[in-house]
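Report on one structure; see the data block that follows.
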Amino acid sequence: MIYCKQICERLSQQFNTTSLTRPMHFRHTLSNLSKDPKQSIEVYLRSIKHIVDSLASIRTLVPDIDLVQLTLKGFDKIIRPGDHPLLWHQSTHL
């Protein structure tokens, strides 16, 4: 009977460790994801969706504002500061 208790405790410890590390892993991957210049936007967005869906499957939701910020952050490596639409001057649109 002692062995059964030890096995249950070990499984519980392992499950708890895994349940804590999976969300951390997915969040880390999401926060470090960036769009490769040769990668299509569709592929980049699909990879984000895959991570967000994986987080949702383990009941860890990503707030919309965080998702937008992380998605846009991934474009930083391919957009030069002068090319960023939010930094355009009004005269650029004329």
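Kirkwood hydrodynamic radius computed over region 22-79 comes to 11.6 Å, based on all pairs of distinct alpha carbons.
Taking amide hydrogens as placed 1.01 Å from N in the peptide plane, the amide H of Val62 sits under 5 Å from that of no residue at least 5 positions away in sequence or on another chain.
Values quoted throughout were computed directly from the atomic coordinates according to the rules given, and no laboratory measurement underlies them. Being a predicted model, the structure only gives us computed values, none of them experimental.
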